[in-house]
Structure formats: C-alpha cells, structure tokens
Protein chains: 2
Amino acid sequence: MAARLTAEFLDNWKNEVNPDLQKERETCTFKIEELIHVLDGGKENTIKRKNLENIFFTSYVDLFSFKRRPFMSKSEQYESSVAKSVKVFELRREYNWSEEDFDLINRILNYDFALSLHHTMFIPGIERLATDEQKAKWLPLAQSYQIVGTYAQTELGHGTNLLGLETTATYDRERDEFMINTPRLSSMKWWPGGLGKSCTHAIVLAQLVIDSQNHGMHPFMVQLRSLDDHTPMPGLKLGDIGTKLAANNIDNGFLILNNVRVPRENMLMKNARVTRDGKFIQLSGNKANYATMVLVRVKIISWTKDTLRQAATVSVRYSAVRRQTTLKPGTPEQQVLDFQTQQMKVFPCLAAAYALHAQSAGLKAFLTDMSTGMVETCRRSCGGHGYLQVSGVAENMVSSLALVTIEGENTVLYLQTARYLMKQMANAVSGTKTRGSTAYMNRDLSSYTCPIDSQSDCRNLNKLRELYMQRAHRVVMGVAQRLQMDMESGQPQEAVFNNNMVALTRAAKAHLHLSTIDWYIARVDNLVATCSPALGQVMAELCTFFVLWGIVQEAGDFLESETLGLNQPNAVSLVDAFDMHDETVASALGMFDGNVYQHLYESTKYEPNNRTEVHPSYYKHLRGLLKGGQQSKL
Amino acid sequence: MAARLTAEFLDNWKNEVNPDLQKERETCTFKIEELIHVLDGGKENTIKRKNLENIFFTSYVDLFSFKRRPFMSKSEQYESSVAKSVKVFELRREYNWSEEDFDLINRILNYDFALSLHHTMFIPGIERLATDEQKAKWLPLAQSYQIVGTYAQTELGHGTNLLGLETTATYDRERDEFMINTPRLSSMKWWPGGLGKSCTHAIVLAQLVIDSQNHGMHPFMVQLRSLDDHTPMPGLKLGDIGTKLAANNIDNGFLILNNVRVPRENMLMKNARVTRDGKFIQLSGNKANYATMVLVRVKIISWTKDTLRQAATVSVRYSAVRRQTTLKPGTPEQQVLDFQTQQMKVFPCLAAAYALHAQSAGLKAFLTDMSTGMVETCRRSCGGHGYLQVSGVAENMVSSLALVTIEGENTVLYLQTARYLMKQMANAVSGTKTRGSTAYMNRDLSSYTCPIDSQSDCRNLNKLRELYMQRAHRVVMGVAQRLQMDMESGQPQEAVFNNNMVALTRAAKAHLHLSTIDWYIARVDNLVATCSPALGQVMAELCTFFVLWGIVQEAGDFLESETLGLNQPNAVSLVDAFDMHDETVASALGMFDGNVYQHLYESTKYEPNNRTEVHPSYYKHLRGLLKGGQQSKL
C-alpha cells in the first residue's frame, strides 16, 4: 500500500531548511557574513537593519506580514496599506528615524505603504520649490502629519511632455488669488499616488497665466480635503483611477479643478515669484521645477535594484530546490539549477543585481529596461508556480513594469540622452575636448583594433571595457554622421530626427551600457583591494560574467563559450548575502528554508474562496444547472 | 478666464469617433469589408459572428460586459464567471451550437468563463481516452452538464515531466477497485482549472500499480463532489490554489487523495486495460495518454493569436489618438503613431498578429514566446495608461504570460524539438532523405550564397525565405557537429546534452522561425491569387515586413533601412479588420471610437474605493494620525 499524505502532516510540517539548499550553502567558497556587511555598508548597519526588521516583522508582524496580501481585494489592500503607513509614521516619530533609516525601512517593507509619496515627493517638493518662509509654514505641518500630501503633475492626456500640461493657474489681481482650472477632459490630473482618497494636500503643477500671458509651469500648494472631516474642498472632484497591474494598495487618483481659488502665497516661489501687483519674476532656471521628478528618477533605480535582488533571491533558491526530469535515465530528478538553460536565465539576473546603481537619472531608462526583463526571466525560471501571487516574483514583475513608463517614458529618456550625445559628439569632432562619461569621443576611431587576442583576454575586465568603449564610440559616431548627411541632403530638422529615432535610441543604449559596466568594474576594483581574496574572486567573477553576458546579448554568438560560467554553488550564497528578511522576500518560493511546497500549500488557507467547503455561488448558479440536466427549462 | 470642465460635460459626453482615428480610416488603401470576410472565412461567417456577439453583448450585456471586471475582487470575478459559464452552457443547449460555433464564442468572450475546461479538456479527454462503453456512460452526463469536469495531471512538485508524477492508483483485486493516493506533499494535484470549487468530476492521471509493479501513467475518472450537495467526496481534500497574475475568475485547484476508491471500470481504458484478475494489457502506444495535452497546445496557439490581435487593436488605436510632444517647435502635439520609435513597437505586433497560426504543437514555445513579448510591447506603447487594468492590454499581457509555462514549459519544448532536429540531421547526413519541414537538411551547405543582391531583393519573399532556410540549416548543422565532437571526446551523453542546451534551444528557434514564415508566405501567396489587388498588396507588404523584422531581430543592423516600412494609414484599418467587438477588445484605450479619456474617466465609477467620498479607512486609521499631530500619544 502506498504511503499517505495525512492531514496531520500538513498541519504540522516543520520549518527545517530544505536539504538541497543546505548543500548549496555548505559548498559556498566565501564567508557570507563578509559579503552581507559589504552590501550593508558595514557590520553596524547590518545590526541596525536587523533591529528594524525585528520591529516590523516581530513586534507588528500581523500588520506587516506579506502572507495575506496576495489574497486581499483592492479595498482591503488599500485599507491595510493606510494602516501600515500610519504605523510607520507613528514609529518614525517615536524613534526619530533619520532620512537614511527611513530609506532602509522603505526597502525592508518593499515600499509597500500607501502614503509613501508624502516622504518621497511631497516633502522633498516643498524643500526644493518653496521659499524659506513657505517652508517654515508647510514643513512642520507635513513632518508632524497634520497634513499628508502628494505631487500632482501628470494629466489624463499628458505625461512626459511637461510643456503640454493644460492645467492653468490664473492670477486674479483684485482678490490676490490664483484661480486653478483643468479646462478640458485631457487636463484633469491623473495618476498621482495618494491623490484619490488619502491626501489632504497636493503640490499641483500648472501653467501660470497673468493678464492672459502664459509664464510656464509652476507649483501651487492646493488643499484637497477638509482637515476636519476629510471631505473634498469646494470646486474639486477627486477619486481613485481604478485597478492597476500592481500597487493596488495605493490610491492613485484623478483631480478636476473648477475655479479653485488659492491665495497668492500658495504658489511655491523659490524659483519664480508673482508680486502683489501681478508682476512675474523668474529667479532661477526654468528647469528647477523639474527637480522633484529628477530626484524620483534616481530613487527609481534604487527601487529597481531592490526588486531585482528580491526576484533573484526567489529564482536562485527555488531553482536549487525544484527537481525536474533527469538527463541520465534511471537517476533521481535533478535540481533545475543544474541545467544550462536554467543557469542562463538565473545567473545574468544575479550578476545584474550586484551591478545596478543609482548613478544618474539618465540611466533610469537603461537600467529599468534591463531589470524588468530580468525580473520576468526570474519569474519564468520558477515555471508554472511563478504565476501565483504567493511566488512574490509575479508581483515583482508587474510592479517593476510600472518603472518603464513612470517619471519619464523610457523611449523619451533615451532620446534625451541621444540629443546630449549628439551635441557632445559635435563638440569632440570640432576639437572641443569632451569630459567624464563622454571622454571616449576624443579618441581616434580609426586606431581601434579588437583588444581580445586570447581566451584569457575574455576574462580581462580592462580589455572587455575597451570593447564596450569602442562599441559606444562607433555606434554614436555612426548615428551622428547619418544625421549630418540627412541634414546636408536638405531634409527638415524634425524629419531627420524622426527618421533616425531608432538609431538614436540604440546610440543612447550603447553609451548607457558603457556607463553601467564602468561603474561596476570600478566598484569591484575598489572592493577587491579591501576584502578577503575568496570574496574578491567571487565578485570579480560576477562582474566579468555580467560584462561578457552584455556582449553576448548584443552580439549574439559567444553564449556557451568556455569564457562564460559561474561557480554554481555560490549562487545560493550570493542571494543569501542580500540577506533579505523572509517578509521582505515575500515569496512562498523564495524563503530562506526552501520549503516551497509547504509554503504554497499553507498559503491557500488565506484564500477567501476556501472559507467554505461549498462556495456560495454553487447555490446561486451552479446547482440549478447541475440539477436541471437535459430537462432544464430555459 | 479659462474654460471649465464641468460635471455636466463628464456626465453627457457623446460616443463620437475620435477625429484622429477617423482620419486614419479615411486614408486606408483597401476595402476593409473584404479583409474582414477573409479573416472570418467568408461573409456568412462574419454575419454569424455578429449575431453571436449580439446575443452576448446586447441581450446579456450586464452579465458579459468587460466594464466591471477590472474592479471585481477575486471572489466576485469567480462568481461572475460561474454565472457566465452557466449562461453560456444553457445557451449552447438552447441553440444547439456546433463545436466550431463554440470555438468562436470562446474567442468572442476572451475564453473568460470559469468552466471552460469542461469543453476544452474534460469532454475531449473522455473522447480520446475512454472505451466506447465508457463514452456511452460519461459523455451524455457531461454534455447535459449533469456533471462538470476537469483534467488533473500536474502536481505540486511535478509539471512538464510526466514520468515524475507521483499519484498512484493501486489495484485492489479483492474489491475490484483502484485505491488512489497522493502519497507526499509534492504529489498533490495542483493547478487544474475548475478543480478548486466548481467541478464534480476529474480525469485524474496516476501511476497504475498492480501487485507492486508500476505500469505507467493512466487516466482515472474520479468523482470530486457530491451530486446532491456539492460537498467533497470522502477521502478527498480540495480547494483553490490562490491568487494568480491573471485568470482569477478561474478556480485553479489542489486535490489530495487519501485512499480514495474507484471501481475498476473508472480507469479510462481505450489505450490500456486492467482485467478483473489484475492483468495489465497495453492496447496502443504509451504516448496516447498525452493526447489531451497535445490538443491543448494547439489551442494555445489560437488563444495566443487572439490575444495578440486584441493587444494590437488597442495599441494601434490608442497610438493614433494619443498626442504627445512635437518635433517642430510651435506646432500642435503629434499623434504618437507618427514617431518612428512608436512604429517600431507597434507594426511588428500588427504584422505578427496576421502571421500566427496553429500549425503544430511544436510551435507552441516559439509562438507564445514571440507573442508575449509583443503583447508587452503593445502595452508599453500605451505609456502609463497601459498600466491600468481598464487598458485591457495590461490583462492581455499577464494572461499571455501563463502560456509560456502551461502545458509544457517553453524551454523544455524547445529541447524536444531540438532532439527531433538532431535525429533528422543525422538521417540527412547519413544519406536518408528528410521530408516536410526538415527537407532543407538534404541540401548542400557549402553551396550557399547570399541571395540578396539588390535593394529590391529585400522585398522578394522567395529570396528572404531562402535566407531563413540557410540560417536554419547552418545553425542546426553547427549544433549537430558540436554534439558529435563532444561525444567523440568521450564525454558522457547527458553531459554533452546539458553543455549544449543553450545552443540546442537556438537551433530549435531557427527552425521554428523558418516554419512560421513559411506558413505566412504560403498563406499570403494563396490570398493574393484570389483577393483584390489593393488588399493583396497590403497583405504582401505586411508579410514582407514581418519577415524582414525577424531578420533584424536576429541579426541586428537593418532596422531603419529603407527596406523596412509600412503604409501607416493602413495600420488602423488592419486592426479594424480584426473586427473585434468593443466588449471583446475589452479596453478603455482601444475601443472603436477612440475616445480614450472619456472611457478612462467613465471607468472610475466602477471603482469600489469611489463609493463614498470619504473612505471608511479614514475613520479607522487616518483620522487619528491627522488629528493627533505632534501631540499624539504613542
């Protein structure tokens, strides 16, 4: 008689580490604590992080645990997320956390609370856009949470192109007020996080109009809801924009403004002023009002890195415990991490998770494109179970997809970078030396030769870096020459630009790829100089893998060459070194213990459909069908 | 004073076609009705389809409309989907629809009802696996919906590798029964659609054991729930596996079997029998039991095509009405469809939507990989709004992602194809002629020259096809030679296979890509011979674009060459010709009228968070924080 899976077993399974995972950890070639401390920036930071994790995942585990999240309706997600925000804010007041601590907490909690824009955009917006006097008024209110705010820029019909925004703030000299309007359907504010149901205030971006003259886009502090009973202020209509692919815990909102009046001093006037008699005075560059968005682009790269670390953690751990088919008939099923095809999915993601870094806003497009593709690869590497929300990677994937369009659609950002590169190239060609990331443009293209002579050169990071530099220079120069030719042929400038957009995008990518590996190599060089030889070797290997993999992706034919390989047993330890709390990994497939099947099964107890043995819809719908049979009357 | 957006306008906006979209349609170069009839397979089929659409989207619009769907909780989605299934089944009985009609209905309804596996796997399973006597018993029950069934094959720890399944059916000679068990945690059935809460029966795949001898995997009819009150049968534990990325209207389920007894005649015995005295008799090939899964793979390609059509429809229509930035300062914002970068996102998807076809199960991997990437491209082409569920493409994307892992994980399927190609190549090399899709293997590799001599050759489909054939032959031969060398060097066979997995996958893709364009070219040749010259030209252009785009994707450097281009005004008409009902397109961004902003705004009225002006969570959580200010007691 076959063995039986009993209810008792299912109720009493023990949380022991899966032996396959344990084995991988035991064969790791470096000391994992060393790497954890490197990633945290020192042992004391590791201790601090663990203390913070303890607050959220031990003292307040019911509120902050991921386990019920995949089973909540949108309303429940929002409500729980508001409750979490309030608790985080209260604790912040209690412990007096610094901005740095708060960044760490955001990472630990996967940025998963509704009012996070209050700290990432509203307060930074006041700090960057308000005068000292205005700061003295608004910052204490915001910091003590007497008001909660967001940043309202994008409109239903307008995203990346800020010049196209239609909301107007018209100065009424008689009453010393601005009158704010969203004149058309396409002008209503649409998307800001927290705008729908949570926030009491918003920094609203609008075209400033004085005496029918437009003075460009400026920020205005607008009260959205009563501080007494939270009802919308007169002249406003606002609400939630509806269900999204992810982030349904956040009430992204719409806002219609119909002759809404705000006092003149509610224009945030650090960069431009309007006087009592309606005179407009520009104080600093017009682009200063974009500062908040640029700040957020840099934050996005950091979010991207955290998401990729989370996805790589799940993918590597699950690949080590999942067993599927065998190459040698008659032997047990193999760990899927053994298969070359699986390694080529998982290892590049792991290497990239160590490569991403917030260098500049210009990299937002390149790094989010690369990372979202990789997060999806991690998800697919989990096979069918990667489709379940409790896998965590499913949510990682849909969350990270937002990043390719928010705060600057990626194609638009590539084209901005490309415009800059074309200008720099024109400088270099005309003899003006370029510096920094574009210094390569001063070199002599005709002198280039392939720096790779032997198989060992394929692991020489300096030579590989030279390859990336030559590629970037060649591609950027090629596009510049084409633009030049097209201009000389007499085509209008806008046609020339449009007809070469795809090429311009490629040039930007080649340049940004170089910047990325440049940073990675420099960082690894630094680390190798200070860390243990064992860890240094692993980090150099990881970096080399990433650099080679990039070449393969672009050029196509090195893929299984002997130059490409990673020491497999380190894979589990390299994700363990991210040292993410199980609640932060937030995945039934990627927990430290590797007991994926128990966690999957356990998770079903949160599924609302499982509350009753017979689902109510049976009585409502199905029973009639089943009982009716062929005699059913229609 | 600025114009104002009034509540009256929002409540009374008219459903007129957006003028940008109208303009595109007016400049189309062919007669759209002709193409609609071609795609439907004749005018009479178009009429039939429209009649069916009318039943669901006029007579029963409240039940079948997509508009509330994005705002439903999982429980609500499931319940509505059961209600829809019951209505579809009742109507099927009423109208006596054929299987072909029913396929069409599935497409119209986006396969969006909970019990669809009853018709796609359960009934076909009985037809393929049962004896005539068994069919006479089970088919009438299933066809009259006295029982509703599913197909339970995959287990928590086992997917694609059917040999690894652990569920056992042990013959008890004394009682003439099988005893079915899922002995370990990893053996419980996991994933089958409808298994959790809906179905009364399942075809359960299990290892047949007689006198401790294993006779391989066979199908058993198992009753899951009482026909009287729907409670689970004794010895069974079953439920919903939880929230997924999409398809949350379907109760994918788990099933634990603990000494569950079924009579011997419940083994479906068309392909193998067990006699009363426990003798096992194999009647046909062991692989016959996979037939149901293979059937589903072919269906998947058809689903994929429909999803891509839906996504392309949304992407093209929205790109025609969305205006964003301008290339020439001082001019109005441009349709984003004008930008080259947007065209390179949208047009390949459009071309592919005309290319996909269910040729064979082997293409499942190639076509679902290509299509899911394209559906995501369509989603991104909608910018930020593509992240909203009402965009439809968001749901398309997450739905189509399931297809890369279900019914055979794609990497595994590529490797199966590659094994077949290696065998065929060995035949060809040893002088045995290969036929059909591998006939190219008989050619002489050394005789190949590039068939493209002039720019006009780049539009010659026969010459382009020759390029694909040479590529497939070269890649497949290269891998075959490498395997040969590695074998000769004395490596064990399983190591040789594993070390070349990535190359084998590439060989399979090169071959499958050839098969795809082969079919597309043949189909267009056929069509051109019979249709109007205007339509023929457009279809040939679309096919050429697809073929050239494939070369670019693989080889990298043709992208903006003059050979690549499409007549833009036809783009809208080419998606209009799919002639999907607005309810089937199911997208606020992709409806026929192009009034995207009205539809987006309208959709928010279904958002539960908008039911009250002040969300209940304000009283529960937020109010305390806001009122507490700095004096809050913690």
Q. With respect to the numbered conditions (1) within 18 Å of B:ILE250 (Cβ to Cβ); (2) in contact (Cβ under 8 Å) with a residue 40 or more places away in the chain, which one is the sole condition not fulfilled by B:GLU177?
A. (1)
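Of all residues in the range B:81-98, count the ones that are out of contact with any Phe, Trp or Tyr (no Cβ under 7 Å at 6 or more places or on another chain) and more than 9 Å from chain A (Cβ to nearest Cβ).
Final tally of qualifying residues: 4.
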Q) Identify, please: which residue in the range B:162-171 is open to solvent by 10 Å² or more (accessible area, probe 1.4 Å) and not in a loop (DSSP other than H, G, I, E, B) and is, among those, nearest to B:VAL294 (Cα to Cα)? A) B:LEU163
Q. Which of the residues that make up the range B:113-159 are more than 22 Å from B:GLU94 (Cα to Cα), part of a loop (DSSP other than H, G, I, E, B) and modelled with pLDDT of 90 or more?
A. B:ALA130, B:THR131, B:GLN153, B:THR154
Q: Would you tally the residues in the range B:360-402 being open to solvent by 10 Å² or more (accessible area, probe 1.4 Å) and on the phi > 0 side of the Ramachandran plot?
A: 1
Q: Taking the options B:THR341, B:THR275, B:THR325, B:THR304, name whichever one is within 27 Å of B:GLU100 (Cβ to Cβ), open to solvent by less than 50 Å² (accessible area, probe 1.4 Å) and not small (Gly, Ala, Ser).
A: B:THR304
Q: Please indicate, with yes or no, whether at least one residue in the range A:86-93 is surrounded by fewer than 21 Cβ atoms within 10 Å (Cβ to Cβ), modelled with pLDDT of 90 or more, assigned to a loop (DSSP other than H, G, I, E, B) and in contact with a helix residue (DSSP H, G or I) (Cβ under 9 Å, 6 or more places away or on another chain).
A: no
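From B:GLY253, B:GLY242, B:GLY235, which residue is under 25 Å from B:THR405 (Cβ atoms) and out of contact with any helix residue (DSSP H, G or I) (no Cβ under 7 Å at 6 or more places or on another chain)?
Every option except B:GLY253 fails the conditions.
Each row is one residue, and each column tells you yes or no for (1) open to solvent by less than 20 Å² (accessible area, probe 1.4 Å); (2) touching a strand residue (DSSP E or B) at 6+ places or on another chain (Cβ under 8 Å); (3) more than 12 Å from chain B (Cβ to nearest Cβ).
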site: A:GLU127; (1), (2), (3): no, no, yes
site: A:LYS135; (1), (2), (3): no, no, yes
site: A:THR160; (1), (2), (3): no, no, no
site: A:ARG173; (1), (2), (3): no, no, yes
site: A:GLY196; (1), (2), (3): yes, yes, no
site: A:ALA206; (1), (2), (3): yes, yes, no
site: A:SER212; (1), (2), (3): no, no, no
Q. Consider B:TYR468 against the criteria (1) farther than 22 Å from B:PHE546 by Cα; (2) touching a Gly at 6+ places or on another chain (Cβ under 8 Å): it satisfies all of them except one. Which criterion is unmet?
A. (1)
Q: Please state which of the following conditions B:CYS450 fails to meet, knowing it meets all the rest: (1) under 30 Å from A:GLU395 (Cα atoms); (2) not in a helix (DSSP H, G or I).
A: (1)
Q. Only one of B:LEU109, B:LEU52 is within 23 Å of the chain's Cα centre (by Cα), modelled with pLDDT of 90 or more, surrounded by 13 or more Cβ atoms within 10 Å (Cβ to Cβ) and not acidic (Asp, Glu); which?
A. B:LEU52
Q: Could you pull out the residue among A:GLU562, A:GLU613 that is outside the structural domain of A:ARG322 (by TED's automatic domain parsing), at pLDDT below 75 and surrounded by fewer than 21 Cβ atoms within 10 Å (Cβ to Cβ)?
A: A:GLU613
Q. Buried (at least 20 other Cβ atoms within 10 Å of the Cβ), assigned to a helix (DSSP H, G or I) and within 14 Å of another protein chain (Cβ to nearest Cβ): does that describe A:ALA507?
A. yes
Q. Are any of the residues in the range B:198-218 of a type outside the set (A, V, I, L, M, F, W, C), part of a strand (DSSP E or B), at pLDDT 90 or above and closer than 21 Å to B:GLU79 by Cα?
A. yes
Q.
Looking at B:GLY330, B:GLY383, can you tell me which residue is free of Cβ contacts under 8 Å to residues at least 24 places away in the same chain and not basic (Lys, Arg)?
A. B:GLY330
Q: Scan the range A:373-413 residue by residue and report those that are at pLDDT 85 or above, more than 21 Å from A:VAL336 (Cα to Cα), in contact with a Lys or Arg (Cβ under 9 Å, 6 or more places away or on another chain) and more than 10 Å from chain B (Cβ to nearest Cβ).
A: A:ASN396, A:LEU413
Q: Could you figure out which of (1) more than 10 Å from chain B (Cβ to nearest Cβ); (2) in a strand (DSSP E or B) isn't true of A:ILE180?
A: (1)
Q: Look at B:ARG471 and say whether it is without any contact (Cβ under 8 Å) to a residue 40 or more places away in the chain, charged (D, E, K, R) and either part of a helix (DSSP H, G or I) or over 23 Å from B:LEU415 (Cβ atoms) (or both).
A: no
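The values are calculated or read from the model by the stated rules, or taken from the named source; none is laboratory data. For clarity, every value in this text was computed on a predicted model and none was experimentally measured. Glycine also receives a Cβ, built like all others from the backbone with ideal geometry; neighbour counts cover every protein chain displayed. The accessibility values were calculated without ligands, DNA or RNA, using every heavy atom of the protein model including side chains. Shrake-Rupley method; radii C 1.70, N 1.55, O 1.52, S 1.80 Å.
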